1. Checking the condition closer than 30 Å to ALA113 by Cα, of a type in the set (D, E, K, R) and in contact (Cβ under 8 Å) with a residue 40 or more places away in the chain, which residue from GLU41, GLU25, GLU4 passes?
2. For the structure I just gave you, tell me whether THR7 is among the β-branched types (Val, Ile, Thr), closer than 24 Å to CYS156 by Cβ and loosely packed, with under 15 Cβ neighbours inside 10 Å.
3. So LYS188 passes all but one of these: (1) modelled with pLDDT under 95; (2) in contact with a Lys or Arg (Cβ under 6 Å, 6 or more places away or on another chain). Which condition number does it fail?
4. Which numbered condition in (1) over 19 Å from ALA112 (Cα atoms); (2) surrounded by 13 or more Cβ atoms within 10 Å (Cβ to Cβ) is the only one that GLU60 fails?
5. If only one of GLU151, GLU196, GLU159, GLU179 is modelled with pLDDT of 95 or more and either under 19 Å from GLU4 (Cα atoms) or within 14 Å of the chain's Cα centre (by Cα) (or both), which one is it?
6. Residue by residue through segment 76-126, note down the ones that are modelled with pLDDT under 95, among the hydrophobic types (A, V, I, L, M, F, W, C) and within 20 Å of the chain's Cα centre (by Cα).
7. When you go through SER127, SER101, SER143 one by one, which is the residue that is without any contact (Cβ under 8 Å) to a residue 24 or more places away in the chain, surrounded by 13 or more Cβ atoms within 10 Å (Cβ to Cβ) and among the small types (Gly, Ala, Ser)?
8. From the list THR126, THR61, which one is among the hydroxyl-bearing types (Ser, Thr, Tyr), closer than 25 Å to GLU17 by Cβ and in contact with a helix residue (DSSP H, G or I) (Cβ under 7 Å, 6 or more places away or on another chain)?
Amino acid sequence: MEQEIETKFDVPSEVSEKELLPKLEKIIEEQKYLCVSRTQETRHFQYYDTPDLDLYQRGETLRKVSGFNPKKHPALFRYDLKIGQLDNRYEDNKWLNKELSPEQLRDLFHLAAIYANLSPSAAASTSHFKINIQRDNTKVEVSLDYFAVEEGTPFCELELELKAGNQTNLFDFSQRVQEELRLTPLDKQKYSRVIESMRKYKLFYSTS
């Protein structure tokens with residue numbers, strides 16, 4: 001599994017990408033980063049959990065991501081397992097061209113001894129704006145995600161993930177972004193926010 005090093009911020013859902021992205025690109029330029037690439041994508045997320053939401057309770061994520069162009073990506077589907085808190089988080093990804101049942105997904109990540117019963121728990125679609133930036137040996141992926149949650153409330157967040165280089169540079173850049181855009185730091189994974197936006201799971205998140 002690979003360690004994720006990232007910082008995240010909540011973005012008010014009424015703030016559009018047309019308003020936020022130019023401000024963000026200005027900060028990127030002021031901080032002497034080079035924009036290597038810009039993309040806009042749509043993704044669909046299918047999340048899996050036990051009937052008692054054990055993955056949610058433990059701060060873990062198991063999901064299928066779709067909407068990929070096979071000419072640009074390794075396969076049609078990406079299956080993700082994420083464990084740990086944001087400041088010490090690990091992720092494992094598997095690219096496949098077929099859809100898996102919950103049982104097959106459990107076996108793919110060797111989870112049978114931990115989670116006996118898995119089933120779809122939540123689903124969401126996202127408009128995903130991504131900018132890859134670089135300064136010297138430091139590479140950062142800047143992602144602005146607008147989440148539309150099925151049976152839930154939409155939300156938006158900005159994520160800055162270190163892909164290579166110095167962690168201090170990431171944290172300095174993140175601080176600048178927070179100050180300039182007046183954003184609130186986030187310490188929750190997306191799956192937690194998805195679950196907590198859904199009324200049918202109120203019993204679980206109101207007591208967690």
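1. One residue alone meets the criteria, GLU4.
2. So THR7 fails the test.
3. If we test LYS188 against (1) modelled with pLDDT under 95; (2) in contact with a Lys or Arg (Cβ under 6 Å, 6 or more places away or on another chain), just (2) comes out false.
4. (1)
5. Step by step, each of GLU151, GLU196, GLU159, GLU179 is checked, and only GLU159 is modelled with pLDDT of 95 or more and either under 19 Å from GLU4 (Cα atoms) or within 14 Å of the chain's Cα centre (by Cα) (or both).
6. Listed by number, the residues that qualify are ILE83, LEU86.
7. Values: SER127 fails: without any contact (Cβ under 8 Å) to a residue 24 or more places away in the chain; SER101 fails: surrounded by 13 or more Cβ atoms within 10 Å (Cβ to Cβ).
Only one candidate passes the filter, namely SER143.
8. One residue alone meets the criteria, THR61.
The values are calculated or read from the model by the stated rules, or taken from the named source; none is laboratory data. Just so you know, these numbers come straight off a predicted model, no measurement behind them. Quick reminder, even Gly has a Cβ in these numbers, built from the backbone with ideal geometry, and neighbours come from all protein chains shown.
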